[in-house]
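Just so you know, all these numbers are worked out from the coordinates, no wet-lab data involved. Note that the structure is a prediction, hence the values are computed from the model and not measured. Here Cβ is always computed from backbone atoms with ideal geometry, including for glycine, and neighbour counts include all displayed protein chains.
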Amino acid sequence: MNNKNPKLINMRSHKRRLKVALLSAHEKRSSIQSFVNFIIDNIKIMSLGKKSTAIATLTLAIIIVGAGIFGPTASEVAQAEAVTTVKRAFARFANLSEEDKAELQEKFQDKVHFREDGEPMFHGMLEMTIEEREAKHAEMKASLADSLIEAQAAEDLEVIIAEEMPKPGFMGKAGRAFGFKMMQEPPKDLENLSQEIQDKIKEHEEQRVEMQPVKWLKYTNSEGKIVKLGLNAQDEPVMKFVEGEIGKAGFGASNFGGHKGMDWIGKKDIQ
Amino acid sequence: MEKQQEKQLIEQAKKDPQAFAEIYEEYYGPIFGYILKIVGNVTVAQDITSETFFKALDRLWQFKWKNVSISSWLYRIATNEMNQHFRKNKKIHASIEELLEKSGIELEDEHDLREEVIAQEEELARSDQWREAQKAISKLSEKYQEVLSLRYFEDKKIKEISEILGKREGTVKSLLSRGTKKLRSIMSETQPNLKSGIIDTQDAISPASKINQTHE
């Protein structure tokens, strides 16, 4: 039968070309190719159990990578969390008794702060006359329900935790600046004070805890101002900051130059 | 090539691919011929030969010397490459021309290359008996094709076929026996009047008798 096989021509040219290509290409072959071959070859000689483990690991890796690529982005997740938070806040507010609603509303509107464009410090509603407060009330959406509606309608709504909140400077009634830190610092040496004062301080402290925001909803309102709505541990709105476009001015070191407020701003905030 | 010399070359080639050139020079012809006789197309045979040697060089690091010539390993790679070609019509990963172009190498023998292909095709056309056998074998399942091609086209012994395919000698014998019967059957169906068929001719050794010779 071998006699009947076709005669083989000396494929001199193909042989030479292949040899040159083979050796030159091999030098250029990347280590990745060798690594891939190594992996494939090892998979081939694996036992069924090991193959199953390898496949399961690979599948898990693909799912993780796939989730990273095709899953929701961090901002989408943050926004979804924010929307959920607003819904919870609404539900919480709706479930309050009328008396509690009124009480919370009263406390809340005292905690609404605003800063006009270019101003370095925040103003509080308490600084104003009754007429001014009434005028600002609607403008600042100082009611609980209005604030939540405003937050829900915002396109850039997000949640920021309390630790991420910059410490703003406030303009006190007498024109003195004071800050968040001061508001949160409990007075020391209570024992030396009279019982009446101690009771007042205690009452104030309880109120402070109740009105202490643990997280913030941040969004841009319909007027283009940045709003930060603080929620307490029960998801009740307890504080609000409305700031104009040049908002940074209030947190910058230069705006506190020579001012007492400077002491309350950490170096990290200044930088 | 002496086995000891081959062993040394392989060890050297694992560290320095240039040493692979000598192995290539030795086995290019037999591997190309083997592939050509099975696929029956010169260009396809060239491509599969290229792929076989590329794969061999890539995987040389995992070749373990067991006192068996590397040719068995090359035949096995070639067989697998052909099986893949027939199963998936697999495309080779890069043509020689692409690789040469990427490497900035110009070889001025295009004319010779075409002439070689034409000359080999003419030789194939002249081999009627081989053509008939090749067509008949291609109708068999892969396991029979492998053993019959190595036995009758390459004149390999049972032991060698066993080494190449990684099958026991008993299995090879059994496959050869059954495959030959099937081959006869196919050839008698397609060419009932063939008196000088590849199996029955005096020139060709009858598969059955050759098996007996080998076994006995």
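Do any of A:Lys4/B:Lys135; B:Lys3/B:Lys135; A:Lys4/B:Lys55 go past 26 Å between their Cα atoms, and which? Violating the 26 Å Cα-Cα cut-off are B:Lys3/B:Lys135; A:Lys4/B:Lys55.
Per-peptide packing, taken as the mean over residues of other Cβ atoms within 10 Å, places A:92-104, B:121-133, A:203-215 in the sequence B:121-133, A:203-215, A:92-104 from highest down. Round to a whole angstrom and tell me the spacing of the C-alpha centers of the stretch B:41-80 and the stretch B:141-169. The two parts, judged by their Cα centres, are 15 Å apart.
With a threshold of 30 Å on the Cα-Cα distance, the over-threshold entries among B:Lys64/B:Lys143; B:Lys7/B:Lys88; B:Lys37/B:Lys182; A:Lys7/B:Lys15; A:Lys19/B:Lys139 are B:Lys7/B:Lys88; A:Lys7/B:Lys15; A:Lys19/B:Lys139. In plain terms, the residue of B:Lys139, B:Lys64 with the fewest other Cβ atoms within 10 Å comes first and the most crowded comes last, giving B:Lys64, B:Lys139.
Listing A:Ser147, A:Ser47 from fewest to most neighbouring C-beta atoms within 10 Å gives A:Ser47, A:Ser147. Take each residue in B:122-133, count the other chain C-beta atoms within 10 Å of its C-beta, and the mean is 3. If R0 equals 60 Å, the separation of the Cβ atoms of A:Val65 and B:Glu121 corresponds to a calculated FRET efficiency of about 0.75. The label point for B:Lys3 and the one for A:Ala94, both projected 7 Å from the Cα toward the Cβ, are 8.8 nm apart.
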